[in-house]
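Student: Mind looking over this structure? Questions follow.
The values are calculated or read from the model by the stated rules, or taken from the named source; none is laboratory data. Not measured: the values here are computed from a predicted model. Neighbour counts run over all protein chains shown; Cβ positions are idealised from the backbone, glycine included. All accessible areas refer to the heavy atoms of the entire protein, side chains included, with ligands and DNA or RNA removed. Shrake-Rupley method; radii C 1.70, N 1.55, O 1.52, S 1.80 Å.
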Amino acid sequence: MEKTVIDIKAGKQIHRFEIAEYPHHSHERCKINVYEEGKLVAGFEPCNHEYLRLCSNPGNISEKVLHLLADRIEAYGI
């Protein structure tokens with residue numbers, strides 16, 4: 001599993017996320033997991049239209065940051 005680092009600026013704060021893809025995921029966990037400082041903070045799954053939908057948000061990341069993050073993940077083609 002390869003991790004990609006993505007920085008997201010929200011206001012004056014910069015979040016550094018590590019993105020891990022699990023191409024052979026099961027339905028019990030998300031295909032793309034997002035970590036911040038080594039902790040799982042969010043998970044995404046691609047929908048039928050190749051957009052990402054939120055699968056979990058254990059880090060209570062703000063909706064604004066999640067949208068920015070999903071856009072960046074989609075742009076990277078992960």
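Student: Under 4.7 Å Cβ to Cβ, no partner at all: give me those cysteines from the chain, in residue order.
Tutor: So, C47.
Student: Find the accessible area per residue for the chain; the probe is 1.4 Å, ligands and nucleic acids are left out, and the unit is Å².
Tutor: Numbers: 5400 Å² over 78 residues.
Averaged over the residues of the chain, the accessible area is 69 Å².
Student: Report, ordered by chain and residue number, the lysines lying within cross-link reach of K9, taken as a straight Cα distance under 17 Å and ignoring same-chain residues fewer than 8 apart.
Tutor: K64
Student: If you compute P(r) over Cα pairs in 10 Å bins from 0, in percent for the structure shown, which of (i) 18, 35, 24, 14, 6, 3, 0; (ii) 20, 55, 21, 4, 0; (iii) 18, 60, 20, 2 do you land on?
Tutor: Recomputing P(r) over Cα pairs in 10 Å bins from 0, in percent here gives the entry labelled (iii).
Student: Near the amide H of I61, under 5 Å away, which other amide H atoms are found, from residues 5 or more places off or on another chain, if H is placed in the peptide plane?
Tutor: none
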